[in-house]
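Visitor: Dumping the structure here so I can ask a few things about it.
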Amino acid sequence: MFVFSARRWYRRAAFMILLVLATFVMYNGCRVLGQWIVPSDPYRVPQGAALKVFGSSSYAVHEPTFADRLRLFYWYGE
């Protein structure tokens, strides 16, 4: 015999609604926080005394050899 318990189904439905609501709030909160943290244009030209680190430059004297790279690897311990 099947017994239908309205109170049990009400608790399950309330739990599911709260779970969906909490998931929605957490997802949108993380999305807003992520948009707030990311700079508006990360690839813009540096201003002031800042230097752009990556890119081709004429300052490079020579390309490091394998031995130089290996020495730096052991020196920094990475």
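The values are calculated or read from the model by the stated rules, or taken from the named source; none is laboratory data. Source: prediction; values computed, not measured. Calculation scope for accessible area: heavy atoms of the full protein, side chains included, ligands and nucleic acids excluded. Shrake-Rupley method; radii C 1.70, N 1.55, O 1.52, S 1.80 Å.
Visitor: Being open to solvent by 80 Å² or more (accessible area, probe 1.4 Å), of a type in the set (A, V, I, L, M) and outside any helix (DSSP H, G or I) is the filter here, so list the residues in segment 1-52 that pass it.
Guide: Met1, Val3, Val38, Val45, Ala49, Leu51
Visitor: Got a number for residues in segment 53-78 being at pLDDT below 75, open to solvent by 80 Å² or more (accessible area, probe 1.4 Å) and of a type in the set (Ser, Thr, Tyr)?
Guide: Adding up the residues that qualify gives 3.
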